[in-house]
Amino acid sequence: MSRRALISGLMPFAGLACLVAWPLVFNSPYDLRVFTLVGIYSILVLGYQFIFGHAGALALTQGAFFGIAAYVTGILGAKFGWSFPVTFPLSIVAPVLVAVVVAIPVLRLESHYFALATLGIAQVALLIAIKWESVTGGANGLAGVPGIGAFGLVLPRGYPTLAFVWGIAGVCALVAWWLMRSLRGRAFQLMRTSELAAMSIGLDTARLRFLAFLLSAAFAGIAGALHAHTLRVVSPEVLEFHVMVTCLTMAVIGGRTRVVGAFLGAFLLVQLPEWFRFLEHYYLIAYGGALLAMIIVAPDGLVGLLDRIGARLGLRPRHTLPAPVPLPSAAPEDVTAEVPLLSVNGLTKRFGGVAALEDVSFQVDRGEIVGLIGPNGSGKTTLVNIVTGLTPADAGEVRLMGQDITHDPAFRIVQRGVARTFQLIELVDDMTCLENVAVARLTKLGAGFGRSRSPTEVDAPFGLAKRQAAHLLERLGMLEAAFEPAGNLAQGLRRRLEIARALALEPRLLLLDEPAAGLNEIEQQDLAIRLKGLRTSGLALVVIEHNVPFLMAIADRLVCLNAGRVIAVGKPSDVRADPNVVAAYFGAQPADGLP
Amino acid sequence: MLTLQLLVNGIALGAAYALCALGFVLVLNATGAVNFAQGDMVMAGGFVAIALVSLWPVPGLVLLPAVVLITGLLGLVFSAIGYFPLKSRPPVSVFISTIALGVIFQNVAMVTFGPEPRATPPLLVAGNVDVGGLTVSIQAIAVILIAALLVGGQHVLLMRTRLGQSLRATAQDREMAAALGIRVNLMIALTFALSTALAGVAGLLLANTYFVTPTDGTNYILKAYIAATIGGWGRLHGAIAGAMLIAVFEVMFPALPLLIPVLPVAIHGMFSQTSASIVLYLALLAVLFLRPQGLFGEIAQRRA
Amino acid sequence: MRYSWLTGLAALLMLSPVHAQQSAPAHVGIPVLVPITGFLSLEGTSQRNGAVLAIRNAPPNLRVQYDVVDTSVSPEGAVNALERALDRGSVSAVVASMLGTQMLAMLPIALERKVPLITVSGTAQITEMGNPYVFRFFPGDDVTKVAHVRYAVEELGLRRLALVYQTTAYGQSGRRHIVENLAKHGLSPVFEEALEVQVRDMLPVLSKAMAANPDGILIHLHSGPTALFIRQAAAMGVGIPIIAGSAMHQPPTAALLEPEELRGVCAEANASPVSGGTPEMERFLQQYREMFSVEPDGFALGQYDGTMMVLEAVSKGARTAAEVARALADMRYEGIAMTYKSDGRGNMAHSAVIMCFDGRTRVPKVVKRYDNITGALTP
């Protein structure tokens, strides 16, 4: 154990040593220039990892941001003679501003539309650079961009420029690592795996994606400015699609989310064509072949390949279970008890011409377990989606402790104390159980992305989130599975894990969508006991179920929906005996669990 | 009169774009992945025809079956190298592998045929015919006819044959298709073959009028990508309509000052070819903003 | 077959360095850094072929070492290639890409490392920066566009000229000089439009140009677009003269068109090697065809002449790269295409020719020669 720990502990230092040794060994002006370019492209790819890797959006604007920054540096430097301290910040600001403007119409688009829209924007930038001759120098571009310097002093080529560029690359790497380390990176992983789940734990996914887009633009700005200073010319070539493809390839070949991946990808893709130069006409064929081989051999990037090799050698980091810490007990509520916890009044929703919900009203009190039954297609899940803000209502209102939440966005409703689980379980399969829960705990603790505290206390929320997550797993009787990837669990445990994650949000109201589906008898009994136990803390539950015997055992009241209308409300035994309910079930289709 | 003539040119260009876009969408539906080398397959089709004609100087129409066969085989090889090793990976991996294959194709063509633009032989004969005062090149008419035949044939293949049924089932739901006893991998390989063969024919058709160079692919893939998007992701007929729209727009927009004489002279300069590209992209952004599901709606289901 | 020039090149690479019989041959390093891939590969390949042929014909007292390195079309690729070449042994001169943006990126390094760049780039800017290490062996737009416009206006008597150019550096620079030269004749274009390289259908632009009622069309387009334009013009039967830029003189451009479609089309260039003429030109033509199995163009010839001038400077005693640069700046050299002499800024070529196609063959005839346009050859 200790030797392996030593080896894996030494790995970063070995990497760093290689990094320093490379330019000392390969030290001709040519080698130094190529290595400087590696540094610049690393920064570009680090930025691209935010939007492409972490946020999971295939943006094709990174090349355009890079080019825009290069042009700002080029125009201000070559035409106006401004120097680095002025042009550098402006070159970062310019692409960020473009990103802000572009984000408004584009960022809400889905995958391939987003990709194409961003590609369109990049093409427009290229055409403008070619056409606007008086400012951009047209197709020829601008020559005479000054080197990096200030107050009349210019950094010479070779080691000084290399050191400066790599210094900035180092800072960028630290920033990227710090922003995405630990659970915050996991929050992004959750978002790109399941946007629904991310919203259900109170993550403002639109805001996260926006921030990632801006960070990408800012990093691209840094890289573009340095590229213009290093090359001393700017031409439309920096805006061409080729640059974007190179950046994308670097990210995929290196690794999409890890800092080291950005450097490995940039290094390989800058060096590869240079190494193949001796092949003359055939070097691009060799380059294409190497690229192809790489993506087949290392589909998760070089970082993934290294991880796999590390795992083979037994270098996997050992987990130590954090000591469970209970969640803080809920503060006494100052709301008068007469106001129901949840009240739904006259809720109506239509899809096309079909009414999914028609004038639905009911209430849920504190500490109550309400069962929601009804045949398939009766509107149960739609109701939950409206209450949790995933689907807008056409008419009616939803009040939580008297406050109108009908039009609140999903993440805000979560923050107000409404949590849920999904009929089709939404977990991140390759994250451990502990992480799945801890991410939700982190958003509750308010240490999410962009809400960082001062650097001295940043690690505290991460640690606390994990320890409290351990407590929740313990409470649901699955602490021993803490380091198991969620994808390895059996159905029963997956359900419980989803409930643990929802509980991490300290909800007042928990909505469970078919929690007993797919569970065997024993698992069902176990779940029923656990759900009843939850109520002791004042938590109210709304449970959607087909399995009426399961509900009979736990529910205080039942609400029955049919064709979007409430047809019965009351004690379980009364509702079950209601002729309307019997007719609805047997009239529509054979009931799953009716006696 | 000019309007008609421009329209014929636009439709001929659009017909060739449509073949390329059609192949793009076929692969997209079958695999969920974007084939970024589809444009390079157009280029490859052009060069295959040029290589054939240097051995066997016959009109393009005679070459057509041979081009279909060779580029179809190329598609099988393509899928074996670029798709199957990565089929359980996220689509972006296939995106990169097709980029790599595109680089290889481009440079093999460069080394084999040299960098200069080349022309394929005309389908029948070179020259123009007068149709009621309209000068139309015989090639343009032939291109439109061949493309229409191929699109129709492709439709019949997919809708009326057992093979087509299997291909469609595979595109709709791979697991279900496998459960029904369809040989899914074979179907995907055939889809690739069909897709590259369509692109290859587009190359043969285009390279007579517009020549071919090894680096032409980029332009065609962008057009196919845009056509597939405005036509509705995954819609075959939408992609054809999208390709037509783009081509007709490309040809008509710069000529607008002639077609609409009332436009003030001061803004004639806005109708240049470059503005046509800018306007095309802006229009695309507008389409995406107002109708994110594409002009004709989307059918391709999301894949996890 | 098509790729036989490659075999030729391979054979040549095995032969290099060229062995000379003389005792104590001088060593010369001339890296060839040109765009063999990308949109300028046709021209880049001509540059390479011209330079390689010149190196083969080097004076016997020289031992020439050279590498061909592809710069592709990015400034980054060119600068990397240059730094790399300078790191690998002593260099007397560099055969450098004709792409303007690449030249602009390489110039500061050439200045720093004191190495002359030998190019056929037409971009005006490269010789306007006061850099003593750039030598251009193809007439710049300030020479060729004078010939282009003078031929149209003085010889053909055209007054209402339409102008179509490319949205590339080549097109934008050419357009500026054409408009300036027209102004000297008191004219301005009756129609102007820029085309992207990807534009396929020339009908819109031709229709618009014809609507302006011109008596001639000046085009300044790359190879493929030039052929597309002329073919469309022939199909429409425009019936007015078309005077094209240097891309039309390249044999692959003419090969795309039927001789009949070329009837009445003229083009400017530094020379038309395929038209032959002088015994030196015929010999060049024959050697070039033998070696590369393709037809040479003016770029190949310009690069050949430039490289030969470097070799002569070395054989006359210039040893270091800086000495070569000084010699090039002072020498007068009788090349195959023309007489070369620097105007003090590195512009070596001061003559241009106009050639026209007669509609029967794809080989043009030189119809007019404009020598010493800048006056730099006048002592």
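All of the numbers you see were taken from the coordinates with simple rules; none came from a lab. No experiment lies behind these values; they were computed from the predicted model shown. Here the Cβ positions follow ideal geometry from the backbone for every residue, glycine too, while neighbour counts run over all protein chains shown.
Based on the Kirkwood radius over alpha-carbon pairs, what is the Stokes-Einstein translational diffusion coefficient of the protein assembly as shown at 20 °C with 1.002 mPa s viscosity, in µm²/s?
Details: Rh = 33.9 Å.
Stokes-Einstein gives a translational diffusion coefficient of 63 µm²/s.
Can you compute the helix-only [θ] at 222 nm over the protein assembly as shown? Use -39500 (n - 2.57) per DSSP H run of at least 4 residues, normalise by all residues, nearest 500 deg cm²/dmol. Intermediate values should be presented prior to the final figure.
On the way: 47 runs with 685 residues, N = 1278.
When only DSSP H runs of four or more count, the value is -17500 deg cm²/dmol.
Pairs of alpha-carbon atoms within less than 8 angstrom and 6+ residues apart define the contacts here; what relative contact order does region B:96-141 have, in percent? Kindly include the intermediate steps, with their values, before the conclusion.
Numbers: 21 pairs, mean separation 10.9, N = 46.
Relative contact order here is 24 percent.
Give the residues of region B:198-219 whose amide nitrogen is closer than 19 Å to a point set 7 Å from the Cα of residue B:138 in the direction of its Cβ.
B:204-211
Compare the Cα positions of B:213, B:86, B:37 along the charge dipole of chain B (+1 at Cβ of Lys, Arg; -1 at Cβ of Asp, Glu; about the Cα centre) and return the one farthest towards the positive end.
Towards the positive end, the residue furthest out is B:86.
Please compute the average number of Cβ atoms from other chains found within 10 Å of each residue's Cβ in peptide C:99-106.
On the way: counts 3, 6, 11, 3, 3, 11, 9, 2.
Mean shielding by partner chains, rounded to a whole number: 6.
With a Cα-only, solvent-free Debye model of chain C, what are the log10 I(q)/I(0) values at q = 0.08, 0.12, 0.14 Å⁻¹?
So the normalised log intensities are -0.38, -0.86, -1.16.
Relative to the longest principal axis of chain C, what angle (0 to 90°, nearest 10) does the C-alpha long axis of helix C:41-56 take?
40 degrees
Share of antiparallel DSSP beta bridges in the protein assembly as shown, in percent to the nearest 5?
The antiparallel proportion sits near 45 percent.
Could you name the aspartates and glutamates whose alpha carbon sits less than 16 Å from that of residue C:184, not counting residues in the same chain fewer than 8 places away?
Here the aspartates and glutamates satisfying the reach criterion relative to residue C:184 are C:141, C:142, C:154, C:155.
Compute the angle between helix A:62-74 and the longest alpha-carbon principal axis of chain A, please, reported from 0 to 90 degrees and rounded to the nearest 10.
Roughly 40 degrees between the two axes.
Can you give the translational diffusion coefficient of chain A in µm²/s, computed by Stokes-Einstein from the Kirkwood radius over Cα pairs at 20 °C and 1.002 mPa s?
On the way: Rh = 27.0 Å.
Using the Kirkwood radius from Cα pairs, D works out to 79 µm²/s.
Work out the mean other chain Cβ neighbour count within 10 Å for the residues of B:99-110 and drop it here as an integer.
On the way: counts 9, 11, 4, 2, 9, 8, 2, 5, 9, 4, 0, 9.
Averaged over the peptide's residues, the number is 6.
Enter the Cα centre distance for the pair region B:49-106 and region A:356-400, rounded to the nearest angstrom.
54 Å
Please find the FRET efficiency linking residue A:521 to residue B:289, where r is the Cβ-Cβ separation and R0 is fixed at 45 Å, and quote it to the nearest 0.05. Present the calculation step by step, with values, prior to reporting the outcome.
On the way: r = 53 Å, r/R0 = 1.17.
Once the sixth-power term is evaluated, E becomes 0.30.
Of the candidates C:47, C:303, C:172, which one comes out as most mobile in a Gaussian network treatment of chain C with C-alpha springs shorter than 10 Å?
C:172
For region A:219-308, what is Rg from Cα atoms divided by 2.2 N^0.38 Å, rounded to two decimals? Provide the component values of the computation, followed by the final result.
On the way: Rg = 14.2 Å, N = 90, 2.2 N^0.38 = 12.2 Å.
Cα Rg divided by the expected 2.2 N^0.38 Å: 1.16.
Would you tell me the mean number of C-beta atoms belonging to other protein chains that fall within 10 Å of each C-beta in C:162-169, as a whole number?
Details: counts 0, 0, 1, 0, 1, 11, 5, 8.
Whole-number average of other-chain Cβ neighbours for C:162-169 is 3.
Could you name the aspartates and glutamates whose alpha carbon sits less than 17 Å from that of residue A:131, not counting residues in the same chain fewer than 8 places away?
List returned: A:237, A:240, C:192, C:193, C:196.
I need the peptides A:73-84, B:120-131, A:45-56 ranked by packing, meaning the mean over residues of other C-beta atoms within 10 angstrom, with the highest value on top. Intermediate results must be reported in sequence, preceding the final value.
Working: A:73-84: 20.2, B:120-131: 15.8, A:45-56: 27.6.
Going by the mean number of other Cβ atoms within 10 Å, highest first, we get A:45-56, A:73-84, B:120-131.
Filter A:79/C:208; C:341/C:368; A:466/A:532; C:114/C:316; A:380/A:532; C:114/C:145 down to the pairs with a C-alpha to C-alpha distance above 29 Å, please. Working shown, then result.
Working: A:79/C:208 36 Å; C:341/C:368 21 Å; A:466/A:532 25 Å; C:114/C:316 19 Å; A:380/A:532 22 Å; C:114/C:145 31 Å.
Violating the 29 Å limit, Cα to Cα: A:79/C:208; C:114/C:145.
Roughly how big is chain C's charge dipole about its Cα centre, with Cβ charges of +1 (Lys, Arg) and -1 (Asp, Glu), in debye to the nearest 20? Please report the intermediate quantities before stating the final value.
On the way: 33 positive and 35 negative charges, 70 e Å.
My answer is approximately 340 debye.
For chain B, with a Gaussian network of springs between Cα atoms less than 10 Å apart, report the residue from B:264, B:90, B:117 with the top mean-square fluctuation.
B:264
Run the quick spin-label model on residue A:323 and residue B:69: label points 7 Å from Cα toward the beta carbon, then report their separation in nm to one decimal.
Simple spin-label model gives 7.9 nm for this pair.
Considering every pair of different Cα atoms, what Kirkwood radius, in Å, is found for region A:467-595? Could the numbers behind the result be given before it?
Details: mean 1/r = 0.0625 Å⁻¹.
Taking the inverse mean of 1/r over all distinct Cα pairs, region A:467-595 comes out at 16.0 Å.
Size of the dipole of chain B about the Cα centre, Lys and Arg at +1 and Asp and Glu at -1 on the beta carbon, nothing else charged, in debye to 20? Don't jump to the answer; show the numbers that get you there.
Numbers: 13 positive and 8 negative charges, 176 e Å.
Using Cβ point charges on Lys, Arg, Asp and Glu, chain B gives about 840 debye.
What is the dipole size for the protein assembly as shown, taken about its Cα centre, with +1 at each Lys and Arg Cβ and -1 at each Asp and Glu Cβ, in debye to the nearest 20?
Dipole magnitude for the protein assembly as shown comes out near 1480 debye.
Compute the Cα gyration tensor for region C:74-166, then decide on rounded, prolate or oblate, letting a ≥ b ≥ c be the square roots of its eigenvalues: rounded whenever a/c is under 1.5, prolate when a/b is larger than b/c in the other cases, and oblate in all that remain.
Values: a/c = 3.51, a/b = 2.69, b/c = 1.31.
Prolate, since a/c reaches 1.5 and a/b exceeds b/c.
Compute the long axis of helix B:162-172 from its Cα atoms, compare it with the longest principal axis of the Cα atoms of chain B, and write down the angle in degrees, 0 to 90, nearest 10.
90 degrees
Among B:196, B:31, B:112, which one shows the biggest mean-square fluctuation in a GNM of chain B, springs joining Cα atoms closer than 10 Å?
Judging by the Gaussian network model, the answer is B:112.
Along each of the three principal axes of the Cα atoms of chain B, give the extent in whole Å, ordering the values from largest to smallest.
Here the spans come out as 63, 52, 38 Å, largest first.
Going by average Cβ neighbours within 10 Å, how do the peptides B:71-83, B:274-286, C:360-372 rank, with the highest at the top? Please list the in-between numbers first.
Numbers: B:71-83: 20.4, B:274-286: 18.6, C:360-372: 14.8.
Going from most to least packed, we get B:71-83, B:274-286, C:360-372.
If the convex hull of the alpha-carbon atoms of region A:30-241 is projected onto planes in all directions, what is the mean projected area in square nanometres?
Numbers: hull surface 47.2 nm².
So the mean shadow area of the Cα hull is 11.8 nm².
Determine, for each peptide in A:364-375, B:58-69, the mean count of other beta carbons within 10 angstrom over its residues, then list the peptides with the highest first.
A:364-375, B:58-69
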